[in-house]
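To keep things clear, I will list the structure first and then write my remarks on it.
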Amino acid sequence: MDFQAIRKEYEDRGLEPEQLGSDPLAALAAWMDEATEQSPGRWFEPNAMSLATADRSGNVTVRLVLLKGIQSEGILFFTNYDSLKGKQLADNPRAAVALHWPYQGRQVRIEGVTEKTDRSISEAYFHSRPVGSQLSASVSHQSSRLASRSELEQEKQTLAERVDGGPVPLPDNWGGYWLRPDRFEFWQGRSDRLHDRVVYAIDPDGTWEIMRLAP
Ligand SMILES: Cc1cc2nc3c(=O)[nH]c(=O)nc-3n(C[C@H](O)[C@H](O)[C@H](O)COP(=O)(O)O)c2cc1C
């Protein structure tokens, strides 16, 4: 496979800061809405975002998680607090995410500080998930070593029998994080690779400074 020959042409739709407005969270919500409405199919997850975390020694890891909310508090995602990412976030709460919508030639990058959500938010989301997902999240010691898959399946079966159709308790180590952003970048692919990049960086007084970056 000749990877150097892979070459996508971008539609030439421009991006002006005025189009995005003064509130980057609202701009992100608008891009998420468009990405969801114009999704190429149910197989595509427009809310999938790469989440980068690092421990205090500077070891960086990245993985996909699902964006589950955009509110004034920030960007919401859910995970296991004892997973690798959870341990890194306990050590160093700074994180970065990137979203990519290839069919629109768009990327959004966000940096900020994470904070665990209230338990009520985790409870509500956990119990909105299919029961199978609740059982799996409950028995999975995410990111820890497993001797075999059957061990996990057996634990799920045992828990299913124990709850016997009743509610699955929210595990103590499972829940949401807010990513409270201090920097956003909205990227729009354009022809001849002369792309648009619009950055929002938070000032000490909490206002957003808006600037254009070279592609
Ligand atoms: C599209 C996609 C969405 C995912 N969403 C989540 C999620 O919302 N939360 C989560 O904990 N893991 C999610 N995962 C699994 C993570 O990528 C990762 O395997 C897991 O969280 C363990 O990561 P860690 O060992 O770095 O903590 C998702 C994976 C994919 C491919």
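The values are calculated or read from the model by the stated rules, or taken from the named source; none is laboratory data. Being a predicted model, the structure only gives us computed values, none of them experimental. Cβ sites come from the backbone with ideal geometry, for glycine too, and all protein chains shown count toward neighbours. Just the protein is used for accessible areas: all its heavy atoms, side chains included, with ligands, DNA and RNA removed. Shrake-Rupley method; radii C 1.70, N 1.55, O 1.52, S 1.80 Å.
Taking the range 53-62 as the range and being open to solvent by 50 Å² or more (accessible area, probe 1.4 Å) and in a strand (DSSP E or B) as the test, the residues that pass are VAL60, VAL62. Filtered by the rule that a residue be more than 14 Å from the chain's Cα centre (by Cα) and either among the small types (Gly, Ala, Ser) or closer than 23 Å to ASP118 by Cα (or both), the range 43-75 gives ALA54, SER57, GLY58, SER72, GLU73. Could you check, for the range 113-126, whether at least one of its residues is open to solvent by 70 Å² or more (accessible area, probe 1.4 Å) and free of Cβ contacts under 8 Å to residues at least 12 places away in the same chain? Yes, there is a match, as at least one residue in the range 113-126 is open to solvent by 70 Å² or more (accessible area, probe 1.4 Å) and free of Cβ contacts under 8 Å to residues at least 12 places away in the same chain. Taking the conditions (1) modelled with pLDDT of 95 or more; (2) more than 13 Å from the ligand (Cβ to nearest atom) in turn, ASN59 satisfies each one other than (2). With respect to PHE3, determine if the residue is of a type in the set (Phe, Trp, Tyr), farther than 24 Å from VAL198 by Cβ and open to solvent by less than 40 Å² (accessible area, probe 1.4 Å). No. Kindly indicate whether any position in the range 40-48 is away from the ligand (no atom under 12 Å from the Cβ), farther than 19 Å from ILE121 by Cα and open to solvent by 40 Å² or more (accessible area, probe 1.4 Å). Looking for residues that are away from the ligand (no atom under 12 Å from the Cβ), farther than 19 Å from ILE121 by Cα and open to solvent by 40 Å² or more (accessible area, probe 1.4 Å), one finds at least one in the range 40-48, hence yes. The strands (runs of 3 or more DSSP E) found entirely in the range 67-165 that carry 3 or more residues being within 13 Å of the ligand (Cβ to nearest atom) are 74-80, 94-101.
Looking only at the range 139-148, decide whether some residue is β-branched (Val, Ile, Thr), at pLDDT 95 or above and over 17 Å from the mean Cα position of the chain (by Cα).
Yes; the residues of the range 139-148 include at least one that is β-branched (Val, Ile, Thr), at pLDDT 95 or above and over 17 Å from the mean Cα position of the chain (by Cα).
Applying the set (1) touching a residue at least 40 places away in the same chain (Cβ under 8 Å); (2) assigned to a strand (DSSP E or B); (3) open to solvent by 60 Å² or more (accessible area, probe 1.4 Å) to ASP12 leaves exactly one unmet item: (2). Taking the criterion of being surrounded by 12 or more Cβ atoms within 10 Å (Cβ to Cβ) and in a loop (DSSP other than H, G, I, E, B), the residues of the range 166-175 that qualify are VAL168, PRO169, LEU170, PRO171, ASN173. Residue pairs whose Cβ atoms lie under 7 Å apart, separated by 6 or more positions or on different chains, with the first residue in the range 43-61 and over 25 Å from ARG106 (Cβ atoms) and the second among the acidic types (Asp, Glu), are ASP55/ASP91; ARG56/ASP91. A residue that is out of contact with any strand residue (DSSP E or B) (no Cβ under 8 Å at 6 or more places or on another chain) and closer than 30 Å to GLU209 by Cβ can be found somewhere in the range 82-96.
Restricting attention to the range 66-79, does a residue exist that is touching a Ser or Thr at 6+ places or on another chain (Cβ under 9 Å), of a type in the set (Ser, Thr, Tyr) and surrounded by fewer than 17 Cβ atoms within 10 Å (Cβ to Cβ)? The answer is no, given that none of the residues of the range 66-79 is touching a Ser or Thr at 6+ places or on another chain (Cβ under 9 Å), of a type in the set (Ser, Thr, Tyr) and surrounded by fewer than 17 Cβ atoms within 10 Å (Cβ to Cβ).
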